[in-house]
Amino acid sequence: MICEADTLADPMATTTASTLQASLLELIRVTSTVLPEDVVSAVQKAKGVEAEGSNAAYALDVIDCNIGLAKQKSQPLCQDTGSILVYVHAPVGYDLVAFEEAFIAATKEATAKGYLRQNSVDSVTGHNSGDNVGPGTPDLHLHQWHRDYVEVKLMLKGGGCENVGAQYSLPHPDLGGRDLKGVENAILDCIHKAQGQGCGPGILGVCIGGDRASGYAESKHQLLRLMGDSNGDPVLGELEERIVAKANQSGIGPMGFGGTTTLLGCKIGKLNRVPASFFVTISYMCWAFRRQGITLTRGGEIGEWLY
Amino acid sequence: MPIQLTTPLTEDQVRSLKVGDTVELSGRLYTGRDAVHHRLHHGEKPPVDLKGQVIYHCGPVMVKVGDRYECRAAGPTTSSREEPYQWEVMRDHGIRGVIGKGGMGPKTLAGCKQYGCVYFHAIGGAAQVCAERITRVDGVDWMDLGSPEAVWHLWAEKFPLIVTIDAHGNSLHADVLASSKSKLDALKA
């Protein structure tokens with residue numbers, strides 16, 4: 001009986017694996033080529049704000065045009081298809097090893113099809129793996145949960161915006177102490193240093209607290225929130241609004257050309273810290289804010305789209 | 001109306017441009033980013049004659065179809081990483097233009113003025129708008145660096161750009177850096 005079950009299970013497993021791989025490939029394609037609706041709305045709202053004929057208005061027009069072209073041609077919004085950040089929640093008992101294998105296969109396929117650029121480079125030899133797979137890439141965050149379905153969220157984060165992220169340790173001689181004023185000044189300092197290099201108008205993910213590693217992880221995790229949502233913590237919600245308002249008075253503007261829209265949004269979370277440390281960690285996301293998500297059916301097909 | 005220019009560029013053409021000019025650039029563009037500048041800095045001879053040419057800070061998405069390459073996405077990458085090297089490429093190889101995004105710093109600004117070169121800003125992230133204006137891929141060198149870092153020989157038609165560093169010592173980036181500093185200092189908590 002056991003042998004019979006095994007022979008029966010094999011073709012089933014293969015079918016599921018190829019269905020899962022196809023679903024994940026489609027998730028990668030859509031994430032790379034179609035900007036999520038909440039981000040599109042934010043870009044379009046910003047277009048109305050910039051002065052007619054300004055460089056800022058020109059930049060936003062080109063960005064808007066690019067959003068349409070990428071979707072229409074099913075080609076990457078940005079040639080830097082970035083770090084591949086994957087956040088998975090699965091029921092207890094779900095085979096996450098098989099999931100990882102399917103995601104890696106989908107990543108290779110997406111790279112061959114040109115939905116992803118060859119973005120995995122050996123940091124010592126400079127050798128490009130050519131298929132986006134190598135130590136640390138793609139970056140999968142696998143979790144269990146008590147719901148009965150699998151959720152997969154994907155973020156493609158380009159290097160230009162990743163490079164202008166920053167981590168501050170408070171107190172800081174110029175920025176202040178271990179309080180919300182110090183936090184606010186650290187974030188504003190990061191925005192100033194970034195100028196247009198992170199492909200603004202940007203969206204900030206921020207973590208107050210944690211350690212050097214968890215701070216960056218949580219700052220990116222904040223970017224999974226919807227653009228228009230409200231922070232569950234009213235103190236952090238107010239800080240988010242204040243940061244966006246002040247950033248948009250800085251005159252940095254889209255692409256650093258000058259103008260009104262420096263940030264489209266700011267998402268702030270917090271983690272507990274050890275008494276000795278107080279980090280403020282900022283991940284800057286470019287306007288080409290590529291994140292999407294799906295739920296999977298039991299057969300590995302796409303259930304719902306999440307953004 | 002944007003100024004129409006075709007590469008290679010002359011010093012006179014380049015010196016006639018000023019910060020804020022919109023330009024549509026046609027003709028040959030060579031991609032060159034981090035690894036290319038690293039090699040040039042260490043004295044390697046460029047694989048093509050760069051005199052009068054324009055270097056594009058870009059790591060495109062290329063897909064080989066049959067025996068030719070298709071350019072699937074080709075927006076600019078952040079230029080500031082080439083700040084230590086760009087002026088040398090102007091001095092040693094006679095480039096007349098650099099295309100990128102995010103701007104460059106004082107060394108590049110001084111190099112543009114001294115050697116007659118400009119910095120053209122493309123719109124970051126707008127890889128499809130840019131790729132539409134790349135009508136052909138005619139070749140590639142230094143593929144050993146990997147596709148995103150290689151020297152791609154692109155052919156552009158009316159590639160849309162804004163001059164943000166000119167050959168007269170002006171930089172939009174230096175201006176915005178200074179003005180935003182004073183505004184944000186006044187807004188400090």
Inset, instruction - Mind counting the residues in the stretch B:120-144 that are closer than 16 Å to B:E157 by Cα, hydrophobic (A, V, I, L, M, F, W, C) and outside any loop (DSSP other than H, G, I, E, B)? - result: 7
Inset, instruction - Would you be able to say whether some residue in the stretch B:115-122 is within 10 Å of chain A (Cβ to nearest Cβ) and either farther than 25 Å from A:K157 by Cα or not β-branched (V, I, T) (or both)? - result: yes
Inset, instruction - For the stretch B:1-48, enumerate the residues that are under 20 Å from B:E157 (Cβ atoms), in contact with a Ser or Thr (Cβ under 8 Å, 6 or more places away or on another chain) and in contact (Cβ under 8 Å) with a residue 24 or more places away in the chain. - result: B:P2, B:Q4, B:T7, B:L25, B:S26, B:G27, B:R28, B:L29
Inset, instruction - Could you identify the single residue in A:S277, A:S250 that is touching an Asp or Glu at 6+ places or on another chain (Cβ under 7 Å), in a loop (DSSP other than H, G, I, E, B) and in the same structural domain as A:H221 (by TED's automatic domain parsing)? - result: A:S277
Inset, instruction - Could you look through the stretch B:169-189, keep only residues that are facing chain A (nearest Cβ under 7 Å) and of a type in the set (S, T, N, Q), and pick out the one that is farthest from B:K18 (Cα to Cα)? - result: B:S180
Legend entry - Check on A:C78, out of contact with any Leu (no Cβ under 6 Å at 6 or more places or on another chain), surrounded by 22 or more Cβ atoms within 10 Å (Cβ to Cβ) and over 12 Å from A:I28 (Cβ atoms): yes
Legend entry - Check on B:F159, buried (at least 24 other Cβ atoms within 10 Å of the Cβ), more than 7 Å from every other protein chain (Cβ to nearest Cβ), touching a Lys or Arg at 6+ places or on another chain (Cβ under 6 Å) and outside any helix (DSSP H, G or I): yes
Legend entry - Pairs where the first residue, in the stretch B:60-88, is in contact (Cβ under 8 Å) with a residue 60 or more places away in the chain and the second is of a type in the set (K, R) and buried (at least 21 other Cβ atoms within 10 Å of the Cβ), C-beta under 6 Å, 6+ apart: B:V61/A:R117; B:V61/B:R72
Legend entry - B:V98 vs. criteria without any contact (Cβ under 8 Å) to a residue 60 or more places away in the chain and either surrounded by 21 or more Cβ atoms within 10 Å (Cβ to Cβ) or in a strand (DSSP E or B) (or both): yes
Legend entry - Given (1) free of Cβ contacts under 8 Å to residues at least 60 places away in the same chain; (2) among the small types (G, A, S); (3) within 11 Å of another protein chain (Cβ to nearest Cβ), index of the condition B:A127 fails: (1)
Inset, instruction - Starting from the stretch A:214-241, take each residue that is within 26 Å of A:L35 (Cβ to Cβ) and list its partners that are acidic (D, E), counting only C-beta distances under 8 angstrom and pairs at least six apart or across chains. - result: A:L226/A:D38; A:M227/A:D38; A:G228/A:D38; A:N231/A:E240
Legend entry - Residue, nearest to A:K73 (Cα to Cα), within the stretch B:45-77, restricted to residues that are within 14 Å of chain A (Cβ to nearest Cβ) and part of a loop (DSSP other than H, G, I, E, B): B:A74
Inset, instruction - Take the stretch A:258-285 and flag every residue that is buried (at least 24 other Cβ atoms within 10 Å of the Cβ) and more than 24 Å from the chain's Cα centre (by Cα). - result: A:G259
Inset, instruction - Give the stretch B:1-14 a look and list any residue that's surrounded by 17 or more Cβ atoms within 10 Å (Cβ to Cβ) and not in a loop (DSSP other than H, G, I, E, B), or say none. - result: B:L5, B:Q13, B:V14
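The values are calculated or read from the model by the stated rules, or taken from the named source; none is laboratory data. Keep in mind the model is a prediction, meaning the values are calculated, not measured. Backbone-built Cβ (ideal geometry, glycine too); neighbour counts: all protein chains shown.
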